[in-house]
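Report on the following structure.
Each reported figure results from applying straightforward, stated rules to the coordinates on display, with no laboratory input. As the structure is a computational prediction, the values presented were derived from the model and not from experiment. Cβ placement follows ideal geometry from the backbone for every residue including glycine, while neighbour counts extend to all protein chains displayed.
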């Protein structure tokens, strides 16, 4: 038995590609996106009262992963990328039905032309199709004492530093200070694949908002941004 | 653009009909269900490690409501059933795509024949098609300070009493004490539609597990179970 879900809206995100997107929402609070509702869902009536909530649930499709399908067991990055667990015991983006779920902060609603929701703390890549929006209701959704054995705490953050020329480049950008904070939050999540050994020689590149950010590992706990274009 | 989601599993629930199902999960902690995974998803591998989590997210389809469709604005019971808000500002079961989301407690996993997950605190009716299962991760999903203007606290509970003959009937049932607790939790949620005036003359009936429960309102804050068959 199958169910047909329509794309209700589309994400326009600071994350231009999958690489370096934090593995859960909220890890990079400076991350931002616009959720643009599509016809016939782009009417002000559908979001009336939404402004009284600070957080939303976004249900979405991992659209870039669907073709690759899923496997019964996955290797969560939190387990070092070598221990396997069942796909339903993980938040893997490769899963049956390819359905994603993120709690995000609602920063504002723009009704000047259709409906646009301004979101932050997102972990959604540009172009993500959204299939539901619900208000976050803390007395229902917040279960602070829930047990979560191997994912009980956020992952450890790495230290992020900048070469002077990268810092100068950011200083001259109109949103430079916000973007610098975003780069710090994103890179602190240790974006390289968990199975990859750290090598200090390799230069990684990631597109964040309108920037190309190049960085390298100085050691296992320390990243340096070497260029921003 | 549309997406095809398969039914991964089916809910066998103590709630045999929509009437009286609590409006959020967790309101009736004694509510119970079995989630039976369907082929090809009913392999032990897919749930390996799930037992280390106490709570799960269940994404499901409001399958009994799809035919009725949705409207841009809805009347949440919490607002007395007369004030309207946008459908995306509500957890209404009549919504575009008909996608539901519930946090539930995982009580156990049965792998003797296929895969069955024992759940509690559910708000899912019998037959509900499940389209995703994810572990609840408190440092991600628990946002206790989130603002939720008109739904900041659980609804007020009503007092539930039993006529002696109803009480006796429950005492002779093998799961009588659990079912009595379930009846109390369910009826305390004030199950009548919010737009309906209270009349002390009307006898309501609801099927819970294998019981037919009949009750009436004694006043606005007090329900009485008059018969259990």
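The antiparallel fraction among DSSP beta bridges confined to chain B stands at about 90%. Label-point spacing at residue A:174 relative to the other copies reads 7.2 nm, in ascending order, each point sitting 7 Å out from Cα along Cα→Cβ. Summary for residue A:118: label point 7 Å along Cα→Cβ; distances to the equivalent points in the other copies, ascending, 5.0 nm.
Taking max minus min of the alpha-carbon positions on each principal axis, the range B:149-202 gives extents of 44, 28, 14 Å, largest first.
Would you please give the FRET efficiency between residue B:212 and residue B:44, computed as 1/(1 + (r/R0)^6) with r the Cβ-Cβ distance and R0 = 41 Å, to the nearest 0.05? Working from the Cβ atoms, E equals 0.65.
Starting from one equal scatterer on each C-alpha and no solvent at all, send me the Debye-based log10 I(q)/I(0) for the range A:79-229 at q = 0.14 Å⁻¹, two decimals. Reported log10 I(q)/I(0), two decimals: -0.97. Going by neighbour counts of Cβ atoms within 10 Å, the residues B:130, A:226 line up, fewest first, as A:226, B:130. Between A:98, A:81, A:49, the GNM of chain A built on Cα springs shorter than 10 angstrom shows A:49 fluctuating the most.
Position residue A:40: other-copy label points at 3.8 nm, ordered by increasing distance, label point 7 Å along Cα→C-beta. For the rotational copies A and B, the chain A residue with its Cβ nearest the relating axis, together with that separation in Å, is A:142, 2. Compactness of the range A:67-111, taken as the C-alpha radius of gyration over 2.2 N^0.38 Å, stands at 1.56. Extension gain, residue B:229 to residue B:197: 0.36 nm times the residue separation minus the Cα-Cα distance gives 8.9 nm. Here the residues B:222, A:12, ranked from fewest to most Cβ neighbours within 10 Å of their Cβ, fall in the order B:222, A:12.
Computed over chain B with a Gaussian network model linking Cα atoms closer than 10 Å, the most mobile of B:90, B:148, B:161 is B:148. Take the Cβ-Cβ distance between residue B:113 and residue B:17 as r, set R0 to 22 Å, and report the resulting FRET efficiency rounded to the nearest 0.05. My answer for the efficiency is 0.20. Once you reduce the range A:13-87 and the range B:94-172 to the center of their Cα atoms, the two points are 24 Å from each other. Across the protein assembly as shown, Cα-Cα distances exceeding 41 Å account for 22% of all pairs.
Using just its DSSP H runs of length 4 or more, each adding -39500 (n - 2.57), chain A gives a mean residue ellipticity at 222 nm of -3000 deg cm²/dmol after division by all residues.
Dividing the mean sequence gap of close Cα pairs (under 8 Å, 6+ apart) by how many residues chain B holds gives a relative contact order of 28 percent. Mean-square fluctuations from a GNM of chain B, with a 10 angstrom spring cutoff on Cα atoms, peak among B:146, B:209, B:194 at B:146. Once the mean of 1/r is taken over each pair of separate Cα atoms and inverted, the range B:23-164 shows a Kirkwood hydrodynamic radius of 17.1 Å.
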